[in-house]
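Please treat every number below as a calculation from the coordinates, not as lab data. Just so you know, these numbers come straight off a predicted model, no measurement behind them. Here the Cβ positions follow ideal geometry from the backbone for every residue, glycine too, while neighbour counts run over all protein chains shown.
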Amino acid sequence: PLPTEVTIWEVGPRDGLQNEAEIVPVEVKLEFLDRLAGAGLTTLEATSFVHPKWVPQLADAEEVLARLRRHDGVRYPVLVPNERGLGRALAAGVTHVAVFASATETFARRNLNSGLDAQFAMFEPVIGRAREAGLDVRGYVSMCFGDPWEGAVPPEQVVAVGKRLLDAGCSQLSLGDTIGVATAASVERVIDAFTEAGVAVGDLAVHFHDTYGQALANTLAALRRGVTTVDSSAGGLGGCPYAESATGNLATEDLVWLLDGLGIKHGVDLDALVETSVWMARQLGRPSPSRVVRALAG
Ligand code: HMG
Ligand code: MG
């Protein structure tokens, strides 16, 4: 059985842009966010309060949030890795934050300058303090389906990391295929490992990068398991600067096309979204990799 409705968690302004080599002007970021909300997206991951030297592209997080034209009914989550990041996010008036853990030792070191166990010493106080401040906290788990340095990742290891985030107070987990190596079978295995460990499927979201062209098939597998929150980025922008071979996320347009075909509600105006991605592609100086954008544009 498929869900009747899906929440699209748009990560284009954050995951999509964090990997861009040329700094995207703040005006362009603001217009991008405004257009995405105008196209009907209700969850817009706006930016990250990470170390500006680690991700220079998002060093303007304060300015983006200060100048953001907030649309009614739209939430604007941001990434925070540590207490310093949370302090900045609170000062900027955010209501939704996300921490981002790694399912593997190597990526915890590369992305967080930490370790598989040590990362919780960073996240747990952040989650606690955010909850006390009344914020909703999402927990990402990266490298759920494979890691460029460690290869296959045991589902039990992924579940252990995810459960610690839930126990610490995260309201939802986003299962990241950071480098896009998952297939429908591994998606089922990891989701089943969570549900067998007592985690409700409603507390799981999926976050697929499309490196091997499997993101849509993986999404369908997750929907069939009952997942109702799917991450994607407009036009298929994205990647992680600290993960080799990470490419763009599942394109939101491709996701919308799939959901329309399945008769699943999502609230997005596909034409307005394609127009936004065509506009953004012009700003970035290269065409969108999304098949649906290419099919529908111009
Ligand atoms: P570190 O260098 O170990 O930090 O970095 P530290 O705690 O040792 O602090 C060093 C200095 O940085 C201190 O300043 C801190 O105040 C400052 P000093 O006292 O020396 O003057 N500092 C900060 N400044 C501003 N904002 C902050 C901050 N934190 C410390 N937040 C750290 C550790 C976690 C900060 C660093 O590794 C980092 O920023 N990593 C982020 C990497 C990143 O953003 N990666 C991409 C997002 S994850 C992703 O894309 C995957 C995902 O999409 C899911 C998937 O696809 O799987 C989510
Ligand atoms: Mg990602």
Only Lys, Arg, Asp and Glu count, each charged at its Cβ (+1, +1, -1, -1), so figure out the dipole size of segment 59-215 about its Cα centre, rounded to 20 debye. 540
Answer in debye to the nearest 20: the dipole magnitude of the chain about its Cα centre, from +1 Lys/Arg and -1 Asp/Glu charges placed on Cβ, is 280
With Kirkwood's inverse mean 1/r over C-alpha pairs for Rh, give me the Rg to Rh ratio of segment 221-294, two decimals please. 1.00
Considering Cα pairs under 8 angstrom that are at least six residues apart, work out the relative contact order of segment 56-159 and quote it in whole percent. 26
Arrange the peptides 72-85, 157-170 so that the one whose residues have, on average, the most other Cβ atoms within 10 Å appears first. 157-170, 72-85
Sort M143, M122, M280 so that the residue with the fewest other Cβ atoms within 10 Å of its own Cβ comes first and the one with the most comes last. M122, M280, M143
Can you give the relative contact order of segment 1-77 as a percent, counting alpha carbon pairs under 8 Å and 6+ residues apart? 37
Short to long, in 5 Å steps from zero, the percent of alpha-carbon pairs of the chain per bin is 1, 6, 13, 18, 21, 19, 13, 8, 2, 0, 0
Rounded FRET efficiency, nearest 0.05, which uses the C-beta distance separating D167 from R84 and R0 of 30 Å: 0.80
For segment 23-140, what is Rg from Cα atoms divided by 2.2 N^0.38 Å, rounded to two decimals? 1.08
Rough spin-label spacing in nm, given labels placed 7 Å along Cα→Cβ, for E22 and T183: 3.9
Highest first, please rank the peptides 222-235, 251-264 by the mean number of other Cβ atoms sitting within 10 Å of their residues. 222-235, 251-264
Selected from G198, L296, L173, residue furthest toward positive end of dipole (segment 162-298; charges at beta carbon): L296
Note: L262 to A160 extended length (0.36 nm per residue) minus current alpha-carbon separation gives 33.4 nm
Below 8 Å between Cα atoms, with a sequence gap of 6+, how large is the relative contact order for the chain in percent? 21
Dipole magnitude (debye, nearest 20) for segment 1-82, charges at Cβ of Lys, Arg, Asp, Glu: 160
